[in-house]
Amino acid sequence: MKSLEIKVVRKILEAGMRIAETNRRILKEKGITSFNFIGAPGAGKTSLLLKLIENLKDRYRIGVIEGDLATTRDAEKIYQTGVPVVQINTEGGCHLDANLVGKALENLPLEDIDILFIENVGNLVCPTAFDLGEDYKVGILSVPEGDDKPEKYPVIVKVSKAIVLNKIDMLPYFRFDRERFYFPIKKLSPSMPIFEVSCETGEGISKVVEWIISKVT
Ligand code: MG
Ligand code: ZN
């Protein structure tokens with residue numbers, strides 16, 4: 001890359017970092033704890049969100065930012081639960097960035113929110129590279145994706161503060177070696193909380209709820 005191009009790229013990254021810091025400051029001022037859910041399409045990010053909302057909404061005021069390439073399908077499901085939700089359509093963009101999230105924050109009743117959930121665009125790779133100003137990134141993986149995902153996508157393990165393994169009700173139908181799944185995570189991050197859940201049966205959800213509550217300030 002030519003040096004001018006490098007300068008331009010650096011400027012864009014620096015601008016993004018500044019906006020992320022602004023988001024972080026706003027969230028802190030309002031006393032909001034925020035979680036950025038990252039996972040491949042179909043891993044169950046929205047399903048998990050719905051379960052968490054169901055379990056938390058009587059104790060905490062929740063807000064949601066829904067990132068999607070297109071459609072408002074997931075945002076509508078969240079809307080049905082009665083919590084405030086803002087949809088970001090990235091129109092082909094494969095991740096959320098701090099600027100988009102900053103705009104979404106302007107459209108949420110921040111005074112009335114304790115916990116903010118951000119559902120990133122379904123993508124296991126580039127959302128990991130963007131600081132949105134959130135407190136915690138959470139990696140969502142699922143049994144049908146295979147036991148090799150932590151090994152093949154170590155960056156999701158590196159940036160996440162917890163890993164959720166969804167669809168454990170599917171374990172009987174897939175060749176899925178737990179050891180193979182756990183080993184690279186434990187190697188990179190020995191104290192990483194790993195939650196095995198099924199959004200279908202509700203198994204394991206209470207442990208994620210407890211973890212979320214332990215992070216709420
Ligand atoms: Mg979704
Ligand atoms: Zn992207």
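The values are calculated or read from the model by the stated rules, or taken from the named source; none is laboratory data. In this text, all values refer to a predicted model and were calculated from it rather than measured experimentally. Cβ placement follows ideal geometry from the backbone for every residue including glycine, while neighbour counts extend to all protein chains displayed. Note: accessible area is taken over every heavy atom of the protein model, side chains too, but ligands, DNA and RNA are not part of it. Shrake-Rupley method; radii C 1.70, N 1.55, O 1.52, S 1.80 Å.
Would you work out what percent of the accessible area of the chain, with all protein chains in place, is carbon or sulfur (probe 1.4 Å)?
Summing carbon and sulfur atoms, their accessible area is 53 percent of the total for the chain.
Averaged per residue, what accessible area in Å² does the chain show with a 1.4 Å probe, protein chains only?
Working: 11240 Å² over 217 residues.
Result: 52 Å² per residue.
Test of understanding: in a Gaussian network model of the chain with alpha carbons linked when under 10 Å, which of Ser206, Ser191, Ser160 would top the mean-square fluctuation ranking?
Highest fluctuation of the listed residues: Ser191.
Expressed in nm to one decimal, what extension gain is obtained for the pair Arg59 and Arg18 from 0.36 nm per residue of sequence separation less their Cα-Cα distance?
11.5 nm
Out of Arg24, Arg59, Arg73, any idea which swings most in a Gaussian network model of the chain, alpha carbons joined below 10 Å?
Arg59
Only helices at least 18 Å long along their own axis, judged from Cα atoms, and with Kyte-Doolittle mean hydropathy of -0.5 or greater: name those in the chain from DSSP H. Could you put the intermediate results ahead of the total?
Details: long enough: 3-29 (39 Å, -0.21).
Going by DSSP H runs, the hits are 3-29.
Could you report the accessible area of Tyr153 in Å², rounded to 10, computed with a 1.4 Å probe on the protein chains as they sit in the structure?
It works out to around 70 Å².
Roughly speaking, what % of Cα-Cα pairs in segment 20-138 are separated by over 22 Å, rounded to a whole number? Don't jump to the answer; show the numbers that get you there.
Numbers: 1680 of 7021 pairs.
For segment 20-138, the fraction of Cα-Cα distances above 22 Å is 24 percent.
Within segment 98-197, report the trypsin sites (Lys or Arg not before Pro) that DSSP leaves as loop and that have at most 10 other Cβ atoms within 10 Å.
Of the trypsin sites (Lys or Arg not before Pro), the ones in loops of segment 98-197 whose Cβ has at most 10 other Cβ atoms within 10 Å are Arg175.
For a quick check: with amide H placed at 1.01 Å from N, whose amide H comes under 5 Å from Asn36's, ignoring anything fewer than 5 positions away on the same chain?
Excluding prolines and chain starts, which carry no amide H, the hits are Ile118, Tyr136, Lys137, Val138.
For n ≥ 4 DSSP H runs only, could you compute -39500 (n - 2.57) per run for the chain, divide by its residues and tell me the 222 nm figure to the nearest 500?
The per-residue figure over the chain is -12500 deg cm²/dmol.
Based solely on C-alpha atoms, express the radius of gyration and the Dmax of segment 2-215 in angstrom.
When restricted to Cα atoms, segment 2-215 yields Rg and Dmax of 17.1, 55 Å.
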